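Down below is the structure, laid out as structure tokens.
The values are calculated or read from the model by the stated rules, or taken from the named source; none is laboratory data. Computed from a predicted structure; not experimentally measured. Neighbour counts are summed over all protein chains in view; Cβ atoms, including those assigned to glycine, are modelled from backbone coordinates with ideal geometry. Ligands, DNA and RNA are excluded from the accessible area calculation, which covers all protein heavy atoms including side chains. Shrake-Rupley method; radii C 1.70, N 1.55, O 1.52, S 1.80 Å.
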Amino acid sequence: MAGFLLHVGATVMCAHAGQAQPTVPNPRVLVSGQPTVLLTAPYVVAGCTLPPPIVANGPCVTAQWVSGTTRVLSNGQPLLVQSSQAVCAPTGTPLMIVVTQTRVSAL
């Protein structure tokens, strides 16, 4: 998957407007002066508006990425790019990458 590399300062949201942040940044590769994020790094979600059980199966609490770079690695792991896909738990909904840096792209 090609796209701009995702960094710690990127705006990532769950499908219900919750803010998502990486739990483990990757300090080995910096873009725009900020650490990038590896595919293996889980995200935590805060502020998800999906109601709890009985009404729905929310709110989104965590997310795990399922796709990343295929040719560019850091510490032997794929990096996240703007086209990466993630699944939130317990809802099964996606994360959306809204804003990221636009200087460095990767495959």
* Flag for T49 being of a type outside the set (A, V, I, L, M, F, W, C) and closer than 17 Å to L73 by Cβ -> no
Note on the range 21-43: residues part of a strand (DSSP E or B) and touching a Ser or Thr at 6+ places or on another chain (Cβ under 6 Å) are N26, R28, V29
- prompt: Just wondering, is there one or more residues in the range 89-103 that are assigned to a strand (DSSP E or B), more than 19 Å from V8 (Cβ to Cβ) and not aromatic (F, W, Y)?
  reply: yes
Being open to solvent by less than 80 Å² (accessible area, probe 1.4 Å) and in contact (Cβ under 8 Å) with a residue 40 or more places away in the chain narrows G76, G47, G18, G33 down to just G18
So, first residue open to solvent by less than 60 Å² (accessible area, probe 1.4 Å) in the range 96-107, second residue at pLDDT below 95 and of a type in the set (A, V, I, L, M, F, W, C), Cβ within less than 8 Å, six or more apart or across chains; the pairs are A106/A2
For T91, are the conditions met, namely being open to solvent by 80 Å² or more (accessible area, probe 1.4 Å), touching a residue at least 24 places away in the same chain (Cβ under 8 Å) and farther than 16 Å from P22 by Cβ? no
All-but-one check, P25 against (1) over 13 Å from A10 (Cβ atoms); (2) open to solvent by 50 Å² or more (accessible area, probe 1.4 Å); (3) without any contact (Cβ under 8 Å) to a residue 60 or more places away in the chain, failing number (1)
query: Among the residues of the range 79-86, is there at least one that is out of contact with any Ser or Thr (no Cβ under 9 Å at 6 or more places or on another chain), among the small types (G, A, S) and either in a strand (DSSP E or B) or open to solvent by 40 Å² or more (accessible area, probe 1.4 Å) (or both)?
result: no
Of the residues in the range 51-70 that are part of a loop (DSSP other than H, G, I, E, B) and closer than 13 Å to M13 by Cα, the one that is least open to solvent (accessible area, probe 1.4 Å) is C60
If we keep only residues of the range 16-43 that are touching a strand residue (DSSP E or B) at 6+ places or on another chain (Cβ under 6 Å) and of a type in the set (A, V, I, L, M), then the residue farthest from Q77 (Cα to Cα) is A20
